[in-house]
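Here is the structure we will look at, set down as structure tokens.
The values are calculated or read from the model by the stated rules, or taken from the named source; none is laboratory data. It should be emphasised that the depicted structure is a prediction, and the values quoted were computed from it without experimental measurement. Note that we place each Cβ from the backbone using ideal geometry, even for glycine, and neighbour counts take in every protein chain shown.
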Amino acid sequence: MPIYEKNIECLDRESLEALQSERLVKQVKRMYERVEVFRKRMDDLNLKPEDVHSIKDLHKLPFSNKQDLRDNYPYGLFAEPLENVVRIHASSGTTGKQIVVGYTKNDLDMWSTCVARALTSYGATKNDIVQVSYGYGLFTGGLGAHDGATKLGCTVIPASTGNTVRQMNTMVDFGSTVLCSTPSYCMYLAEELEASNLKNSLKLKRAVLGAEPWGEEMRKQIESKLSIKAYDIYGLSEILGPGVSYECECQHGLHINEDMFIAEIIDPITLEVLPDGEVGELVFSTITKEAFPVLRYRTHDLCRILTGTCKCGRTFKRMGRIEGRTDDMLIIRGVNVFPSQIEEVLLKYGQGITPNYQIIVDRVNNTDTLEVKVEMNENLFADDVKSIEKISSKIRDSLRSVLGLSALVTLVNPKTIERSEGKAKRVIDKRKIK
Ligand SMILES: [Zn+2]
């Protein structure tokens, strides 16, 4: 299989790491001079750009995370004046403000190179007709895939999302050979194409699937339903968009574009860097980005760096598939619990309580315990004990049916749960403190 930039993608590790070191040192200096938040964090750690000599010093640098983007909304983390920024993308999280990222011309160029490398590794060439069925707009998927396919010289169809009948007709009439979409939409299209008896009229050979986690079972089904090869592409807008890493023909892990991004796997609790092969939280540093660079950005995606070399010849390290999220997920007695689920129950219930709550997880006699403390409102507080008990037992029942787990519900007096500025500390996991 051809390789888009063999001199980089197959560079010997020693030279690659030297290149990473050189770029990291430059990026740290640049960000220290230009991004106030970063400079303050370095100063707090008594760290100067001169203390960073190579990638071996990466672990000394402060972490960054999604909250930083919200706190510095919209342009506070940019390292270039807006006159040099030629593109803005944004994504809305499940909570809070949307996050905003920017790109210079060079950034867009590097991005499209990443996607062109990916498409080439899937076997695509300039002879391909690429139907981009990711959303176009502030979401990075559509334009990211579009620019990469354009750079490779493919014929690009900017189909965007929605209107499945039109998508199918486009695919058949225009002779699309590559589909870029989310795996779930590809699966849906596969079923619809099958049902419409259009499958045999397709010229489709490959699908480039990303923007949500998916597994081998889904790959098998998509590949057999459409008689194509389906490849994974990974990215997130805070780092770049699609193309941070990509599978090769071996379909065994995603090669990280290491000349632009340094990946680390950390223990999400101790924050120590873990050796290759161990599962932990994926952390990225962007060493070539200009407008919106980040260092040690915590993705909250759980995965591992695969060990050993890849048969395709690329020397870029490979990350395994995303195995889960760390952000706020709690594992209690083996059950995955998201604080948002608890919040939803409380908000839905409403009556007699305030939206102030705290989730306390502990381990007693080797068994996890879950306690939900909720503040009563003044009315309930003034009511008799029986009414209070009735409400707490109702909340307990709702929680059990939603979580599949029993919780101790404690109604506490009004204004007794500590308020904090910014993000409320909703979860206290005492298991981690011990
Ligand atoms: Zn490979």
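Looking for something assigned to a loop (DSSP other than H, G, I, E, B), among the aromatic types (Phe, Trp, Tyr) and crowded, with 16+ Cβ neighbours inside 10 Å - is there at least one such residue anywhere in the stretch 276-295?
Yes, there is a match, as at least one residue in the stretch 276-295 is assigned to a loop (DSSP other than H, G, I, E, B), among the aromatic types (Phe, Trp, Tyr) and crowded, with 16+ Cβ neighbours inside 10 Å.
Of the residues that make up the stretch 338-359, is at least one among the acidic types (Asp, Glu) and under 30 Å from Asn65 (Cα atoms)?
Yes - at least one qualifying residue is present in the stretch 338-359.
Tell me, yes or no, whether the stretch 308-323 has at least one residue that is more than 23 Å from Glu278 (Cβ to Cβ), buried (at least 16 other Cβ atoms within 10 Å of the Cβ) and either modelled with pLDDT under 95 or within 16 Å of the ligand (Cβ to nearest atom) (or both).
Yes.
What's the number of the condition Glu344 fails, among (1) farther than 15 Å from Ser406 by Cα; (2) over 29 Å from the mean Cα position of the chain (by Cα)?
Unmet condition: (2).
In the set Gly123, Gly102, Gly141, which member is within 16 Å of the ligand (Cβ to nearest atom) and either of a type in the set (Phe, Trp, Tyr) or touching a residue at least 60 places away in the same chain (Cβ under 8 Å) (or both)?
The match here is Gly123.
Under the condition of being hydrophobic (A, V, I, L, M, F, W, C) and exposed (fewer than 15 other Cβ atoms within 10 Å of the Cβ), which residue from the stretch 157-197 is modelled with the highest pLDDT?
Looking at residues that are hydrophobic (A, V, I, L, M, F, W, C) and exposed (fewer than 15 other Cβ atoms within 10 Å of the Cβ), I get Phe174.
Name the one entry in Asp301, Asp232 that is crowded, with 19+ Cβ neighbours inside 10 Å and within 16 Å of the ligand (Cβ to nearest atom).
The match here is Asp232.
Among (1) within 16 Å of the ligand (Cβ to nearest atom); (2) touching a residue at least 40 places away in the same chain (Cβ under 8 Å); (3) closer than 17 Å to Thr120 by Cα, there is one condition Gly210 misses while meeting the rest; what is its number?
Here Gly210 meets the rest and fails (1).
Name the residue that is surrounded by the fewest Cβ atoms within 10 Å (Cβ to Cβ), counting only residues in the stretch 239-255 that are of a type in the set (A, V, I, L, M, F, W, C) and near the ligand (Cβ under 7 Å from one of its atoms).
Across the stretch 239-255, the extreme among qualifying residues is Cys250.
Report every pair of residues separated by at least 6 positions or lying on different chains whose Cβ atoms are under 8 Å apart, first residue within the stretch 405-419 and closer than 25 Å to Asp368 by Cβ, second at pLDDT below 85 and outside any loop (DSSP other than H, G, I, E, B).
Qualifying pairs under 8 Å: Leu405/Ile332; Leu405/Val335; Leu405/Val337; Ile417/Asn356.
Tell me, please, whether a residue that is within 16 Å of the ligand (Cβ to nearest atom), under 19 Å from the mean Cα position of the chain (by Cα), modelled with pLDDT of 95 or more and among the small types (Gly, Ala, Ser) can be found in the stretch 285-297.
Within the stretch 285-297, not a single residue is within 16 Å of the ligand (Cβ to nearest atom), under 19 Å from the mean Cα position of the chain (by Cα), modelled with pLDDT of 95 or more and among the small types (Gly, Ala, Ser).
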